[in-house]
1. For Cα pairs less than 8 Å apart in space and 6+ apart in sequence, what is the mean separation divided by the residue count of the chain, i.e. the relative contact order in percent?
2. What's the local net charge at R29, with K and R +1, D and E -1, over the other residues with C-beta under 12 Å away?
3. Please identify every one of the GluC sites (Glu not before Pro) in region 216-293 that sits in a loop by DSSP and has no more than 13 other beta carbons within 10 Å of its own beta carbon.
4. Can you tell me the FRET efficiency between R305 and A88 if r is taken as the Cβ-Cβ distance and R0 is 45 Å, rounded to the nearest 0.05?
5. If amide hydrogens are placed 1.01 Å from N in the peptide plane, which non-local residues have theirs closer than 5 Å to the one on V137?
6. Just to confirm my numbers, what's the Cα centroid distance between region 189-203 and region 20-43 in Å?
7. Evaluated at 25 °C with a viscosity of 0.890 mPa s, what Stokes-Einstein diffusion coefficient in µm²/s does the chain have when Rh comes from the Kirkwood expression over alpha-carbon pairs?
8. Can you list the residues, at least 5 places off or on another chain, whose amide H is less than 5 Å from the amide H of Y40, using H built in the peptide plane?
Amino acid sequence: MVESIDKGDSSWSVEIRQLRALVTIGSTRSFSRAAEHLGYAQSAVSAQIAALERACGVALVVRPGGPRPVSLTEAGRVMARHGERVLARLEVARGDLLALAAGEAGTLRIGTFQSVGANLLPDVLRRFRAAWPGVDVRIVEDQHERALLDLVLAGELDATFALTGRLDPRFQWVDLISDPWVLLAPPDSPLAAFSHVPFRALDGLPLIEWENRSHLDLVREQLRRRGASPQVVFRTDDNLTLQHFVSAGLGHAIVGALVVEHGNVEWPVRVLTMEEGLDPRPIGIVWASDRVRRRAVTSFVDLARQVAATLTG
């Protein structure tokens with residue numbers, strides 16, 4: 001005699017194969033046909049149903065014996081309905097996992113900083129979403145490049161846009177843009193008289209600088225070697241604020257060309273070329289060396305290369 005369900009039992013354990021056996025018996029009304037359908041021996045199906053009944057604490061199947069078909073008890077029908085839903089959800093989960101393994105579903109997490117986010121990323125995202133509609137893209141923006149790279153190493157980002165000039169072997173990357181340094185000047189700056197601003201003219205120049213100064217590490221040392229030491233008067237971590245400060249005549253700024261917002265009639269600036277000799281900003285997309293790139297990541301990288309080519313071409 002099967003006992004009633006223990007409502008306080010927190011160790012109730014039901015196996016998927018047991019549910020599948022019950023659902024199949026309910027549809028075929030036969031242990032032998034269920035066994036044939038499932039590819040098991042009939043004794044194995046009987047053992048699975050017996051184990052399920054012990055777990056549930058109630059009889060699930062009526063076994064009349066002889067040639068008469070078996071049937072489900074009321075409890076068996078309730079359990080079979082839930083079993084059908086569980087099995088259906090598992091099939092959905094299996095499909096999602098297969099799609100994820102194929103790179104056709106899931107979440108793609110990308111890091112970026114402002115100039116890339118404003119000028120390169122929108123077109124990359126537009127193309128990626130058209131090609132990979134099943135992939136949810138999440139963007140993390142941070143002006144502190146080291147923070148983005150740490151998130152890549154921690155597995156919290158699949159890839160990030162970053163400066164690639166000083167990366168170590170923990171990373172792999174594809175270079176996208178060689179971003180030249182330019183001098184942002186107020187509209188009435190006397191430096192606009194130069195076709196190429198000489199480095200000597202930058203010595204002592206009031207400078208508005210990024211709050212995250214790591215992006216200027218590439219250029220500051222080169223300026224010092226050439227006898228130029230601008231004087232920082234303001235710092236900001238917002239590119240648009242920096243450009244507004246320059247437009248207001250509060251100073252000049254040395255930035256990558258990708259930073260400049262062109263056509264701003266309310267806050268105009270002069271974009272001046274400096275004399276040759278400063279290494280440009282190498283901007284690329286970076287991922288961790290110890291992880292295999294998913295197909296979605298590879299596609300995103302390829303699309304970023306295509307869009308970058310239109311900016312530099």
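1. 20
2. Here the charged neighbours net out to +3.
3. For GluC sites (Glu not before Pro) across region 216-293 that sit outside H, G, I, E and B with at most 13 neighbouring Cβ atoms in 10 Å, the list reads E266, E276.
4. E(calc), rounded to 0.05, equals 0.60.
5. So V137 has HN proximity to L108.
6. First find each Cα centre; the distance between them is then 86 Å.
7. Details: Rh = 24.7 Å.
Rounded to a whole number, D works out at 99 µm²/s.
8. none
Taken together, the values in this text are just the output of simple stated rules run on the coordinates, not laboratory data. All values derive from a computational prediction rather than experimental measurement. Note that each Cβ is placed from the backbone with ideal geometry, even for glycine, and that neighbours are counted across all protein chains shown.
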